[in-house]
Every structure is written in structure tokens, then in C-alpha cells.
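Engineer: Below you will find the structure I want to go over with you.
The values are calculated or read from the model by the stated rules, or taken from the named source; none is laboratory data. Bear in mind that the values here come from a model prediction, so they are computed numbers and not experimental data. When we count neighbours, we look across all protein chains shown, and the Cβ atoms used for this are built from the backbone with ideal geometry, even at glycine.
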There are 2 protein chains.
Amino acid sequence: MSVDKAIFTPVKGKRAFEEVSSKIKALIIEGVLKSGDKLPPEGELGKQFNVGRQTIREALRILELSGFITVQQGFGGGPVVKNTISRKLSDLILDAFQMKEISVEEFTAARLVIEKAILNDAIDNADDQDIEDLQENIAKAKDLLARKQIATDPNFEFHSLLARASKNSVFVILERTINAIHHKLRSQKTADFKTSKAAVLAHEKLLDAIIKKEREKAINLLDQHVLAVRKSY
Amino acid sequence: MSVDKAIFTPVKGKRAFEEVSSKIKALIIEGVLKSGDKLPPEGELGKQFNVGRQTIREALRILELSGFITVQQGFGGGPVVKNTISRKLSDLILDAFQMKEISVEEFTAARLVIEKAILNDAIDNADDQDIEDLQENIAKAKDLLARKQIATDPNFEFHSLLARASKNSVFVILERTINAIHHKLRSQKTADFKTSKAAVLAHEKLLDAIIKKEREKAINLLDQHVLAVRKSY
DNA sequence: TCACATTTGTCCGTATGTATC
DNA sequence: AGATACATACGGACAAATGTG
């Protein structure tokens, strides 16, 4: 009755194409291969890894879907290192939604938590440039509204800018994920001028509170804003 | 001057394997293919889609990496519909982290926010089964400590169980990601019996506060615990 | 224990499509 | 327009894994 249950499985997949993709992926993460670098063509890769072309192709497919490379056909083409992970991330998140793994309620609850944390840190850490960017964002949004256009893009951007102002790259990534989900939820609805205008006004008030460092007021405003957005789904 | 801008372009992939994977994926999302259903072997799929085996294989690779199917070799094996999307999601998020060089400080700050939110929801939503699982987890950890072994695995599991008790699948995904990063940070250090023991004791106190629904006390305990863990890096 | 059938994993050769020069 | 270099795709073959009798 020995406890030989191998709990940790740092071992790699035994399939050859997994080892190949892992090795290339490691080189990219370590920075040996940088964005824009061109990988050898499939045949050459096969020789270097001592595997067949089919194996290389499946490895490239994995790297492509994981957002580490892109592949182009034709002369001068081939696999190129390019980071598209966040795009692939939103694709997968959409899948999770379509498979009903995430509900709107769960999403809103999580969003509230993370956006509040971002706001809290942004109040402490935002520098002049961040404030300027946020002000410019609102000006852009109001300009669109004045021309009876919907300010969807700037409204999404506002939260990204806020995340950047928090000076925590973890929040930036989490916020991007939230934005992706939000975007998917919204894409099913037709854009609404009224909702868009309300969002811009909420952002404006929020920024004012941030500049004045009125923390509680800002958090309350954010609460109302997120819950209002939730209703618009 | 007709508006022939094709707005609905769900299928942009020219490549054959993308069309094949999209079709199978659609069948799964629509519910025509359900979890546990066995797909035909590669050769048979090739005949049905009128493409070669290589094309089928690349399509299956995509579905596998996207978390829609698993594939097993040998007699009675083959592709089987199985939802592992959330696992694939945290894998991708981890990739995003590794490409961005997150600092320990940023990670700890984000961890604190998310774990607190999880704790808050867990206090409200944990059912009897969740509490039982958490108690069993601590018992397992203490048993290991009594035999002078390090309780790393149960200690990681504790936070996963807590996330599950929050009844929010978004938190489950985020927590899994945090665990993966945490694990990565820890892997550079040799495991420490003292630290492990302290964590178990912290978990025990925390669970006690959760059961008694002492919210503030629980959050304070979590604060101390996470910051203590941060020092161990 | 030993074949045996089934299915994925891998390799090779070849042909076609595609983008650049 | 033609040559070149590359991915894309097909078909056949054998190896490896895995459960059955």
C-alpha cells in the first residue's frame, strides 16, 4: 500500500509533434526567437528535428492555434513568429460561451471585481500621460456622439486605458479578456445610441472622480456603470 | 453602388482542414454531437468529408487543442467528444503570462484581488459538499505533515476547491491560471517543510472562519496567507 | 502469455495551389 | 508571363499503442 501516485506530471506528451511544438514554443518564450523571425520551411524543420513533414505540420498547426506563429503560403512565405495569443484567447472564450460554460451573471460578477481592483490601482498610479489619454478618449467619444454616431470603440478603449493606468500588466491582460467577452456579448445586439451615450457620460464622471482621487465615489460610479451595461445585454 | 460588404463571414478559412474542424465544431456546439460520442476513425472521416487523412488529422489537432475532443490511440480508441475548454483556456492564459514577463509584485496584487473575491463568494455559496471537500483536503495535508512529508499538492488543491465553492466558473478558470503561475514561481525554489506546514495551518484557520461565516476575519487571514506565500518566492 | 484486430502516429513520394520575383 | 519557393493536400506504407479472445 505505497503512495506511488504520481501527482505531478511535468512529463511531456509522448507524441512527436507535441515535443516539436513545445521546443519551438520554449524558444519563443525564452526570447531566442523573436517576433518577426522567420522559421525554416517545413522540409528543413523536418530535417533539423529529424521527423517527417507531417509531424512538423501538426506542430506548426498547434503553434498557429496557440497564437505563437502565423503561416503564409507562397514565395517568401512559411512560418513566422508573431504573437496573436490574445486573439486566440478571445476565440476560445467565445467557445466557452457557446458551450454554455460561462453565464452572463458569472461574467458580470467577475468583471465587477476586476474592474474595481483596476480602478483602485489606477487612482494611485495613474500618471499625467494616463490622465491625458483618458481625457482624449472621452473627447473622441463625445465627438462621435455629436455626429450622431455610436462610440463603441472608444468606450471599449476607456477600460483598456484604465487598466494601463493601474500599472499592473496582469490587470491589463485580465481586462483584455473581459473586453473580449464583453465584445462577444454585445455583438449579438444591435448597437444602441442611447446606451453608448450613457456609457460616455459615466466614463466622464468616473474620470473626474479619478482625477480628484475621490475613491469611494469612483467605485460607486463604476458599480452603477457595470450593472447598467449588464442590463443592456 | 450596392453594399456587398459580406458582413456574415463565419467561414474565412480557405484551408480544407479548417473547414473540416469548423463543421465538426458546429455539430458539437449545436448539440448534434454530445459529450462521450465517438467520432469515426480518421480514415472513415476522410471518406465522409472527401479529404485525405492528413487533412483530417490537422482538423482533429485543432479540435483537440481547442478543447472539444480527446484522441486515444489503439483498439477502441479514436476521437471522442469531450469538453476540456476551460483547461485549454488556462493553458493559453498561462502562455500569455509567460510572454509578458509578469513580476512577482504584479502577480501577488492580482492574486490577492481574485482570491478575496473567491473567498467572499465562497462564504455565501459553499454547500455541504464543498465544506466536506475542504475539510478532507486539510485532513489529507495534516496527514502528510505528520509523516514529515511536504503537503504541496493538497495546498494547491485547497484554493481550487475554494474557487469551486464560489460557484462561479470564471473564478475557477482564473484560479487555475493563478495556480499555474504560482506553481511556475515555486518550481524554482526547493520545497520547504516549514512553509508547507504554515500554509496548512493558515488554510485550517481560514476554513474555520468560512464555516462560521466570519467574513472579515476570513479576509484578513487570506491577506496574511497570500503575503506570506509571496515572501517564500 | 500470445496472437490479433483496430486505430492513431509517423514517414515518404508526389502533385497542386499560391504568392513573389 | 514564367520561374521559384513555399504551403497545402493526396495516397500508400509501416510502426506503435491498446484492448480482445
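Engineer: Could you check how many residues of the stretch A:47-60 are in contact with a helix residue (DSSP H, G or I) (Cβ under 6 Å, 6 or more places away or on another chain) and either within 10 Å of A:Pro79 (Cα to Cα) or away from chain B (no Cβ under 14 Å) (or both)?
Structural biologist: 2
Engineer: Given the conditions (1) within 12 Å of DNA strand D (Cβ to nearest atom); (2) touching a strand residue (DSSP E or B) at 6+ places or on another chain (Cβ under 9 Å), report the number of the one that A:Thr55 does not fulfil.
Structural biologist: Among (1) within 12 Å of DNA strand D (Cβ to nearest atom); (2) touching a strand residue (DSSP E or B) at 6+ places or on another chain (Cβ under 9 Å), A:Thr55 violates only (2).
Engineer: What are the pairs with Cβ atoms under 8 angstrom where one residue, in the stretch B:157-169, is of a type in the set (Asp, Glu) and the other, located anywhere, is at pLDDT 95 or above? Sequence gap at least six, or different chains.
Structural biologist: B:Glu157/B:Asn137
Engineer: Just the residues that are surrounded by 20 or more Cβ atoms within 10 Å (Cβ to Cβ) and within 8 Å of DNA strand C (Cβ to nearest atom), please, taken from the stretch B:62-102.
Structural biologist: Of everything in the stretch B:62-102, just one residue is surrounded by 20 or more Cβ atoms within 10 Å (Cβ to Cβ) and within 8 Å of DNA strand C (Cβ to nearest atom), namely B:Pro79.
Engineer: While we're here: Considering (1) at pLDDT below 85; (2) on the phi > 0 side of the Ramachandran plot, say which one B:Lys189 fails and leave the rest.
Structural biologist: Condition not satisfied by B:Lys189: (2).
Engineer: Report every pair of residues separated by at least 6 positions or lying on different chains whose Cβ atoms are under 7 Å apart, first residue within the stretch A:66-82 and within 21 Å of B:Leu94 (Cβ to Cβ), second in a strand (DSSP E or B) and near DNA strand D (Cβ under 7 Å from one of its atoms).
Structural biologist: That search, which allows pairs on different chains as well, returns A:Ile69/A:Pro79.
Engineer: Further question: What number goes with the only condition from (1) modelled with pLDDT of 90 or more; (2) within 25 Å of A:Phe171 (Cβ to Cβ) that B:Asp133 does not pass?
Structural biologist: Going through the list (1) modelled with pLDDT of 90 or more; (2) within 25 Å of A:Phe171 (Cβ to Cβ), B:Asp133 breaks only (2).
Engineer: In addition: Being more than 7 Å from chain B (Cβ to nearest Cβ) and either in contact (Cβ under 8 Å) with a residue 24 or more places away in the chain or not in a helix (DSSP H, G or I) (or both) is the filter here; which residues of the stretch A:95-109 pass it?
Structural biologist: A:Phe97, A:Lys100, A:Ser103, A:Val104, A:Thr108
Engineer: Further question on the same structure: Do we have A:Lys148 as within 29 Å of B:Arg87 (Cβ to Cβ) and charged (D, E, K, R) here?
Structural biologist: no
Engineer: Given B:Leu92, B:Leu112, which one is within 15 Å of the chain's Cα centre (by Cα), among the aliphatic types (A, V, I, L, M) and either in a helix (DSSP H, G or I) or assigned by TED's automatic domain parsing to the domain that holds B:Leu206 (or both)?
Structural biologist: From the options B:Leu92, B:Leu112, the qualifying one is B:Leu92.
Engineer: Something else: For the stretch B:38-61, name all the residues that are surrounded by fewer than 18 Cβ atoms within 10 Å (Cβ to Cβ) and within 20 Å of A:Ile62 (Cβ to Cβ).
Structural biologist: Listed by number, the residues that qualify are B:Val51, B:Gly52, B:Arg53, B:Gln54.
Engineer: Just to be sure before I move on: is B:Ala191 of a type outside the set (Asp, Glu) and either free of Cβ contacts under 8 Å to residues at least 24 places away in the same chain or touching a Gly at 6+ places or on another chain (Cβ under 8 Å) (or both) in the structure I sent?
Structural biologist: Criteria not met by B:Ala191.
Engineer: Next question. Going through A:Glu115, A:Glu105 one at a time, which residue ends up being surrounded by fewer than 17 Cβ atoms within 10 Å (Cβ to Cβ) and closer than 30 Å to B:Asn168 by Cα?
Structural biologist: Result of the check over A:Glu115, A:Glu105: A:Glu105.
Engineer: Any residue in the stretch A:40-59 that is aliphatic (A, V, I, L, M) sitting within a Cβ distance under 6 Å of a residue that is more than 10 Å from DNA strand C (Cβ to nearest atom)? List the pairs, counting only those 6 or more apart or interchain.
Structural biologist: Final answer for the pair search is A:Ile56/A:Leu45; A:Ala59/A:Ser21.
Engineer: Looking at (1) at pLDDT 95 or above; (2) more than 14 Å from chain B (Cβ to nearest Cβ); (3) crowded, with 17+ Cβ neighbours inside 10 Å, find the lone condition where A:Ala122 falls short.
Structural biologist: (2)
Engineer: A further question follows. Could you check the stretch B:13-37 and list, in sequence order, the residues that are outside any helix (DSSP H, G or I), more than 9 Å from DNA strand D (Cβ to nearest atom) and either within 14 Å of chain A (Cβ to nearest Cβ) or loosely packed, with under 14 Cβ neighbours inside 10 Å (or both)?
Structural biologist: Within the stretch B:13-37, B:Gly31, B:Val32, B:Leu33, B:Lys34, B:Ser35, B:Gly36 meet the criteria.
Engineer: Collect the residues in the stretch A:173-187 that are free of Cβ contacts under 8 Å to residues at least 60 places away in the same chain and either surrounded by fewer than 17 Cβ atoms within 10 Å (Cβ to Cβ) or small (Gly, Ala, Ser) (or both), keeping them in residue-number order.
Structural biologist: A:Ser187, the sole residue that qualifies.
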